[in-house]
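None of the figures in this text is laboratory data; all of them are computed from the coordinates on show. Not measured: the values here are computed from a predicted model. Positions of Cβ are backbone-derived with ideal geometry, glycine not excepted, and every protein chain shown enters the neighbour counts.
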Amino acid sequence: MFQRIGPAAFKKDLGNTLALCEHLGQPQLTFPSIHIAGTNGKGSTAHFLSAIFSAAGFKTGLYTSPHYRDFRERIKINGALIPKRAVIQFVEANRAFAEQLKPSFFEWTVGLAFDYFAKEKVDIAVIETGLGGRLDSTNVITPIVSVITNIGYDHQNMLGDTLPLIAGEKAGIIKPGIPVVIGETHPETANIFLDKAKASGSPIIFADQHLVASPKRATETHVAYDVFQDGKLRYQDLSLNQLGDYQHKNLVTVLQTMEVIAPMFPKFKQEKFLVEAIRVGLSNLKRLSNFMGRWEYISKSPRVLCDSAHNEDGIRLAMKAIEIIPHKKLHFVFGTVNDKPPTKVLSLLPKNARYYFAKANIPRGLDAVSLAQQGEGMGLQGKAYKSVRIALAAAKRAAAPDDLVFVGGSIFVVAEVI
């Protein structure tokens, strides 16, 4: 299980997934799907799209990873977790075949998701890749649109150590004749996508070349945006039920994706229905999609903010967003995994914060003492704690009412406190 042990669980081969899907009767062919890859933002993008389709009355499947508290978070329909009964029945029905095939945890879960969505007769499914794209277990679907949010450095030991190499792996989800939306234009990777799309005969559009989302105001639960398309106001006061300054990037990707696929659905051919679905879906995002773990406040006194950013680009955006939050002192509960060198991420963290270093409660968690020592070498002052919860308790005790406690560095650190 990659979530626990890391690269050793990753299989660079679609053979098991194809065999499992054949055994299950090719469930992935029974529903239309949207396929999403990218270094950052793909989980947010997937949830945004799921909420929009749910708001429009579609029975909407959503497959994402990893999970925070409950394995069933990975597989949802209209925000509802897959029932325990369905998981148990799937395992019992397919145990003998699985014992022969020996699929990975992720391959097995992908098969479960496809089988569940097919049996429940979803109208559409939003499918997030786990890692990369080309050889990701989800890459056995033929979607109605492929979405690649952005390209940054993450999992270089498996995907390549340059942005073009990583982009090449993500571009593997582009299918012949299927339109593709790229969220962010990057000079090092744009041609990778253009060349792949041209070779596949796939219409391609870069969302950020046409749409700009400008935040206007925020409450404790929502941010209102004005969205401009090719310089003209397209959506005024578009309310998003998700905080985080960086979400404007994902919002643009989602809106461009809806523009591309709207003509495929009779319900969306009338502009007013498309706009209404977008407005209702995004303003009720958490209720409709069960979204969690991204820029989420879990306490008011002191204020405790969690975010799942865990690689260079994600941390950089999160740190910029923290700067504009009013606070006196910053207390930072931080942990990471042991299969990624932490120095680049540590170099991006603010020097004026007090750090509470902790090991996430998984085998991949990096030892807190080692992390604290490396942090000290980067000018970060703090202590090591035996667990994330103990670290958070210490931070909350030390924080004054007008301070901010931030919990991050890893999805698995956030999972322990939300």
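Sequence gap at least 6, Cα distance under 8 Å: using those rules, report the relative contact order of the chain to the nearest whole percent.
So the answer I get is 16 percent.
Sorted from largest down, what three extents in whole angstroms do the Cα atoms of the stretch 206-254 have along their principal axes?
The Cα atoms of the stretch 206-254 stretch 30, 18, 13 Å along the principal axes, largest first.
Separation of the stretch 390-418 and the stretch 211-290 by C-alpha centroid, Å?
Cα centres, the stretch 390-418 to the stretch 211-290: 31 Å.
Just want the ordering: 227, 345, from fewest to most Cβ atoms lying within 10 Å of their own Cβ.
Sorted ascending by nearby Cβ count, the order is 227, 345.
Quick one: what do you get for the stretch 336-418 if you divide its Cα Rg by 2.2 N^0.38 Å?
Against the empirical 2.2 N^0.38 Å value, I get 1.01 for the stretch 336-418.
Per-residue counts of other Cβ atoms within 10 Å, averaged by peptide: what ranking do you get for 253-264, 378-389, 44-55, 128-139, highest first?
44-55, 128-139, 253-264, 378-389
What do you get for Rg/Rh over the stretch 287-336 if you use C-alpha atoms and the Kirkwood form of Rh?
Answer for the stretch 287-336: 0.97.
Report the local net charge at residue 202: Lys and Arg +1, Asp and Glu -1, summed over other residues whose C-beta lies under 10 Å from its C-beta.
The answer is +3.
Could you check how many percent of all C-alpha pairs in the stretch 2-289 are farther apart than 35 Å?
Tail fraction, whole percent: 14.
When DSSP beta bridges are limited to those with both residues in the stretch 147-236, what percentage is antiparallel, rounded to the nearest 5?
65 percent
For 21, 306, what ranking results if the residue with the fewest other Cβ atoms within 10 Å of its Cβ goes first?
Going from least to most buried by this count: 21, 306.
If amide H atoms are built 1.01 Å from N in the plane of the peptide, which residues on other chains or at least 5 residues away come under 5 Å of the amide H of residue 125?
Sorted by chain and number, the residues that satisfy this are 33, 34, 61.
How far is it, in nm, from the label point at residue 236 to the one at residue 93 when both lie 7 Å from their Cα along the line to the Cβ?
Taking the simple label geometry, residue 236 and residue 93 are separated by 5.1 nm.
At 7 Å along Cα-to-Cβ for each site, give me the label-to-label distance between residue 361 and residue 218 in nm.
3.0 nm
With contacts defined as alpha carbon pairs under 8 Å and 6 or more residues apart, what's the relative contact order of the stretch 51-184 in percent?
23 percent
Give a residue-ordered list of calculated ³J(HN,Hα) values for the stretch 52-60 (Karplus: 6.51 cos²θ - 1.76 cosθ + 1.60, θ = phi - 60°; whole Hz; x for Gly, Pro).
5, 5, 4, 5, 7, x, 7, 7, 10
In µm²/s, what is D for the stretch 104-242 at 10 °C and 1.306 mPa s, where D = kT/(6 pi eta Rh) by Stokes-Einstein and Rh is the Kirkwood radius from Cα pairs?
93 µm²/s
In whole Å, what are the extents of the stretch 255-370 along the principal axes defined by its C-alpha atoms, from largest to smallest?
In descending order, the Cα extents are 58, 34, 24 Å.
Over all distinct Cα pairs, what is the inverse of the mean 1/r for the stretch 43-148, reported as the Kirkwood hydrodynamic radius in Å?
14.3 Å
Which percent, nearest 5, of DSSP beta bridges in the chain are antiparallel?
40 percent
What does the extension gain come out to for residue 351 and residue 400, with contour length at 0.36 nm per residue minus their alpha carbon separation?
15.8 nm
Sorting 336, 109 on the 10 Å Cβ count, fewest up front, what's the list?
Neighbour counts put them in this order, fewest first: 109, 336.
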